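Every number in this text was worked out from the coordinates using simple rules, so none of it is lab data. Small disclaimer: the values here were computed from a predicted structure and weren't measured. Every residue, glycine among them, receives a Cβ derived from its backbone with ideal geometry; neighbour counts consider all protein chains shown.
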Amino acid sequence: MATYSVVCGRCPFCSGVTKVEVSSPEEASAVLAWLADDPRTRPFVQDAFPHFTLDDREAMISASHGECFDAAVSPWGTRGRESFPPEEG
């Protein structure tokens, strides 16, 4: 099955290209339309794309890579991705 990459922008933390992989041209068009919409009036990303991963949705919202975002804003860094709050030990 073919996949399509939609570039969301550059990660503000590492400057790498941030993209979302989708499975159809229609879905790619939907992502591009969502990105082009006015952020004040577009639907929440979790409502528009509930099947996307947290990382994909974060890429669409802020152009951040999931791990870069977690490392920058989470007190647990990327350790908090598996369990919240992370287990000590």
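Answer with one residue from Val7, Pro25, Val45: the one whose Cα lies farthest towards the positive end of the charge dipole of the stretch 2-60, charges on Cβ with Lys, Arg +1 and Asp, Glu -1.
Projecting each Cα onto the dipole axis, the largest value belongs to Val7.
Once the stretch 41-81 is represented by equal point scatterers at the alpha-carbon sites, with solvent omitted, what log10 I(q)/I(0) does the Debye formula produce at q = 0.15 Å⁻¹?
Computed log10 I(q)/I(0) values: -0.38.
Suppose each label sits 7 Å from its Cα in the direction of the beta carbon; what would the Ala48-Ala33 distance come out to in nanometres?
1.0 nm
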